[in-house]
Amino acid sequence: MSTLKKSILIALVIAIPVELVNFFFFAFPIDVGLPDDAPWYAQALGAEWVLLHLPGLWLARWFDPYASSAALRVILLLSGYVDTSLLFIAGILIFCLVRRRAQRRSATNG
């Protein structure tokens with residue numbers, strides 16, 4: 001199995017528990033919102049949740065007249081999973097690229 005395929009598989013597996021924790025324990029209260037005096041970390045966590053689930057929010061708005069509440073939650077969970085997986089894949093590939101460049105640079109300098 002190539003390094004790219006391993007990286008993608010690792011990212012897909014790691015994204016499952018991360019997204020489950022993110023979705024069920026750190027879900028942003030979109031319908032209520034945050035108070036004006038909310039701490040900065042709560043605002044940052046809310047912004048992160050909204051950005052990761054933005055495609056799902058758009059789809060939920062589109063499907064809203066037709067879908068049940070449970071279906072909308074599944075849409076949000078799946079969109080967050082896809083975004084989290086892509087974020088992990090990008091992070092792993094950037095890390096591998098930087099490591100490979102550092103190895104090449106040390107081999108030419110050494």
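For this structure, a couple of remarks:
- Screening Ala44, Ala90, Ala38 for residues that are modelled with pLDDT of 80 or more and closer than 30 Å to Lys6 by Cα leaves exactly one candidate, Ala90.
- When each of Ala47, Ala67 is tested for being outside any helix (DSSP H, G or I) and either within 18 Å of Val18 (Cβ to Cβ) or open to solvent by less than 40 Å² (accessible area, probe 1.4 Å) (or both), the lone residue that passes is Ala67.
- Neighbours by Cβ (under 7 Å, 6+ apart or cross-chain): first from segment 25-41, within 13 Å of Gly80 (Cβ to Cβ); second at pLDDT 70 or above and surrounded by 10 or more Cβ atoms within 10 Å (Cβ to Cβ): Phe26/Leu45; Phe26/Trp49; Ala27/Trp49; Phe28/Gly46; Phe28/Trp49; Phe28/Val50
The values are calculated or read from the model by the stated rules, or taken from the named source; none is laboratory data. Being a predicted model, the structure only gives us computed values, none of them experimental. Cβ sites come from the backbone with ideal geometry, for glycine too, and all protein chains shown count toward neighbours. Areas reflect the complete protein model, heavy atoms only, side chains present, ligands, DNA and RNA absent. Shrake-Rupley method; radii C 1.70, N 1.55, O 1.52, S 1.80 Å.
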